[in-house]
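Worksheet: the structure to be examined is printed underneath.
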Amino acid sequence: MAFAVLTKRMSSRDSEGTDPGGRTELTKDGDTSEAPRLTAFWDGGSLSRILPASGSLTIGRSSACDVRIEHSSVSRKHAVLHLGTVHRIEDAGSANGTRIAGRSVTSMPVPVAPGEVIEIGNVVVVIQAGDPTAAERVPPVKLTPRPSFRLPPSASSTVAPPGARANETPMQRLERLVKLVAAGNIHVLITGETGTGKEVIAERVVRASRRANAAFFRVEAAALAEHLLDRELFGEGEKPGLFEAANGGTVLVDEVSELPLGTQAKLLRVLERNEVIRVDTVAPRKVDVRFIAATNRDLRAMVSEGLFREDLYFRLNGITIEVPPLRERRDQISAIASELLVKACADANRPPMALTKESLARLESYDWPGNVRELKNAIERAVLLSQGDTLDPMALPAGDAADDAAGARLRNDLAAFERQRIVEALEKCAGNQTKAAQLLGISRRTLVSRLGEYNLPRPRGGGQRA
């Protein structure tokens, strides 16, 4: 309820066109709803401010600051945000520090891109890109001259809260960020290597959000041809599409980097205007959808190469959540492997098996280039190859150099075993890839990838094998 009240206040304040103290008044000519914004999240609250195209903003707990954040972890004058073609931020001698993507910021201004996570103490701040012409209608902000000296951290009135995050692990930081971001309505971009569990993080955002009980759909951007994808997403004729079905809920666009440019343009309209136009129609239909996009590619590089629309990138990237690779969170391997082992045994109709110290040591010594997805496959294979009530350590990959030769032989044996399982599944399903994938317990895309990897012919038309 407290969050609902705060949201109402924010909407009223932004519609009036001022931030606290009237420092960023908006001109009456023209709409500024599409202007860039600064959004902040913390336990129990959030705020949003329209940003001018240029100038500097002080951020802190003091009423004299341009952006006031009343949170105990925020110093009276905590940081300074410099706005321009490239935004920069500097720490103003705060007690609890300023960080960008987990890296500490000093009094030297450093660049910050839209969507990047800025941490002001325990508060998460993000700059949302918008229409530059709308930003130009917001007068630039100038700092009020203040004394140049800064109090040392020990003299600050802000005290670090209990359980300060000096030793915070990457996953602890990720979990904290997910919890904060979920409470808002901002669009989210989840990045990370293949197999890190980006979809799992998206589901956690949804479960912790105000839309938890509403519709949640997942779209695989690379799964369909452009004309089929457009019909699926936007609808056709009298048939509503996925975005209309998700009205009031959330849509996860997985592998968003693979969206065709034509579909990107149509998706941009949904994000900008909250409306869809079905294929072969002209009447727009209003929708209310929160978007979560996931990718293992560098969208900024794709923008520079002309492969991804810059305006769509900025719209989707309300805030970026980066999922660390498994090799950077080895302390989690035991828990993840144990959970996967229980499921793998159930799927294989085998009694529960134990994960021995030797097996765990092998798992923790390996770098997992395929991340959690590779770990899942390794556990499933080991369950099928193990005898007795414990997982055979020799059926698992390892990072020890002495095991390289044995590991290579094991990988070859496992590949041959998996190839045979795929062949048998396709035969049982008369070449139907979707049914074969379900039988194998993998996605259709993974099956198609394996067919190429093992040089197996893809079944063609009518479910017949080639």
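The values are calculated or read from the model by the stated rules, or taken from the named source; none is laboratory data. Since we're looking at a predicted model, the values are computed, not measured. Using ideal geometry, Cβ is built from the backbone for each residue, glycine included, and neighbour counts are taken over all protein chains shown. Each accessible area value is taken on the protein alone, full model and side chains, heavy atoms only, with ligands, DNA and RNA left out. Shrake-Rupley method; radii C 1.70, N 1.55, O 1.52, S 1.80 Å.
Of the residues in segment 111-127, at least one is free of Cβ contacts under 8 Å to residues at least 40 places away in the same chain and open to solvent by 30 Å² or more (accessible area, probe 1.4 Å). From the list ILE336, ILE277, ILE321, the one residue that fits, being surrounded by 14 or more Cβ atoms within 10 Å (Cβ to Cβ), farther than 30 Å from PHE41 by Cβ, out of contact with any Cys (no Cβ under 7 Å at 6 or more places or on another chain) and among the aliphatic types (A, V, I, L, M), is ILE277. For segment 390-436, enumerate the residues that are open to solvent by less than 20 Å² (accessible area, probe 1.4 Å), modelled with pLDDT under 85 and part of a helix (DSSP H, G or I). Answer for segment 390-436, where residues must be open to solvent by less than 20 Å² (accessible area, probe 1.4 Å), modelled with pLDDT under 85 and part of a helix (DSSP H, G or I): GLY407, LEU414.
In segment 167-202, which residues are of a type in the set (Val, Ile, Thr) and either open to solvent by 10 Å² or more (accessible area, probe 1.4 Å) or within 11 Å of ILE321 (Cα to Cα) (or both)? Listed by number, the residues that qualify are THR169, VAL178, VAL181, ILE186, VAL188, ILE190, THR191, THR194, VAL200, ILE201.
Residue count for segment 217-274 satisfying the condition of being under 14 Å from VAL287 (Cα atoms) and either in contact with a Cys (Cβ under 7 Å, 6 or more places away or on another chain) or among the basic types (Lys, Arg) (or both): 3.
Among (1) within 17 Å of VAL200 (Cβ to Cβ); (2) open to solvent by 70 Å² or more (accessible area, probe 1.4 Å); (3) in contact with a Gly (Cβ under 9 Å, 6 or more places away or on another chain); (4) acidic (Asp, Glu), which single condition is ASP288 missing? Going through (1) within 17 Å of VAL200 (Cβ to Cβ); (2) open to solvent by 70 Å² or more (accessible area, probe 1.4 Å); (3) in contact with a Gly (Cβ under 9 Å, 6 or more places away or on another chain); (4) acidic (Asp, Glu) one by one, ASP288 breaks only (1).
Counting only strands (runs of 3 or more DSSP E) that fall entirely inside segment 45-139 and contain at least 1 residues that are among the hydroxyl-bearing types (Ser, Thr, Tyr) and at pLDDT 90 or above, the qualifying elements are 55-60, 98-100, 103-105. Residues being farther than 16 Å from VAL126 by Cβ, touching a Ser or Thr at 6+ places or on another chain (Cβ under 6 Å) and open to solvent by less than 40 Å² (accessible area, probe 1.4 Å): count how many of those fall in segment 61-94. Qualifying residue count, segment 61-94: 8. Could we say that ARG350 is closer than 30 Å to VAL117 by Cα, open to solvent by 40 Å² or more (accessible area, probe 1.4 Å) and either under 22 Å from the mean Cα position of the chain (by Cα) or of a type in the set (Lys, Arg) (or both) here? Criteria not met by ARG350.
Of all the listed residues (ARG315, ARG297, ARG309, ARG327), the sole one being open to solvent by 20 Å² or more (accessible area, probe 1.4 Å) and either in contact with a Phe, Trp or Tyr (Cβ under 8 Å, 6 or more places away or on another chain) or acidic (Asp, Glu) (or both) is ARG327.
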